[in-house]
Amino acid sequence: MTLTTATAPTTRAFRMKLKPGMVEEYKRRHDELWPDLAAALKQAGIYDYSIFLDEETLHLFAVLKLAPDHTTADLPQQPVMKRWWDYMAELMEVEPGNRPTEWPLQQVFYFA
């Protein structure tokens, strides 16, 4: 099956940064991801979501896939998303409102 641009999933990647000494707590909180947050992410069209850590720099690298009809632009207004950002703010670099600071990553290679 060939996917057209209109039906093909989108891959998004970005970088975030942890504060020193927060790796284990960050892992613990994600291991206990709230069910209502997981549901909100799925409902917004996010799937196949991974976060990787560079232990030397404390940079987090997130890679996720988005359904063609995703509604991720609506996530920042959802109360569960705001609660999660508040919960995680002490562990990582954040913007005003506690949204994690994100640096977009450009794909330079893909192998299928």
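Every number in this text was worked out from the coordinates using simple rules, so none of it is lab data. Given the structure is predicted, the values throughout are model-derived calculations rather than measurements. Don't worry about glycine lacking a Cβ; one is built from the backbone with ideal geometry, like all the others, and counts go over all protein chains shown.
For this structure, a couple of remarks:
- Mean projected area in nm² (Cα convex hull; one quarter of hull surface) for the chain: 8.2 nm²
- By the Cα gyration tensor, the stretch 45-94 has an equivalent ellipsoid whose semi-axes, rounded to whole angstrom, run 22, 18, 7 from largest to smallest.
- Taking amide hydrogens as placed 1.01 Å from N in the peptide plane, the amide H of LYS19 sits under 5 Å from those of MET92, GLU93, each at least 5 positions away in sequence or on another chain.
- Within straight-line reach of LYS19, meaning a Cα separation under 25 Å, sit the following lysines at least 8 residues removed in sequence or on another chain: LYS27, LYS82.
- Peptides 57-63, 31-37, ordered by how many other C-beta atoms sit within 10 Å of their residues on average, highest first, read 57-63, 31-37.
- Nearby aspartates and glutamates by direct alpha-carbon distance to LYS65 (threshold 15 angstrom, same-chain neighbours under 8 apart not counted): ASP48
- A crude spin-label estimate for the pair ASP69 and ASP48, with each label 7 Å from Cα along the Cβ direction, gives 1.9 nm.
- ALA38 versus ARG99: modelled label distance in nm, points set 7 Å from Cα along the beta carbon direction: 2.6 nm
- Cβ-defined net charge surrounding LEU66, 14 Å radius [Lys, Arg +1; Asp, Glu -1]: 0
- Rg and Dmax [Cα atoms of the stretch 8-70; Å; Rg one decimal, Dmax integer]: 13.1, 39
- Computed extension length for GLU56-LYS17: 12.9 nm, one decimal, from 0.36 nm per residue of separation with the Cα-Cα distance subtracted.
- Integer Hz, Karplus 6.51/-1.76/1.60 couplings in order for the stretch 13-23, x for Gly and Pro: 9, 7, 10, 10, 9, 7, 7, x, x, 10, 4
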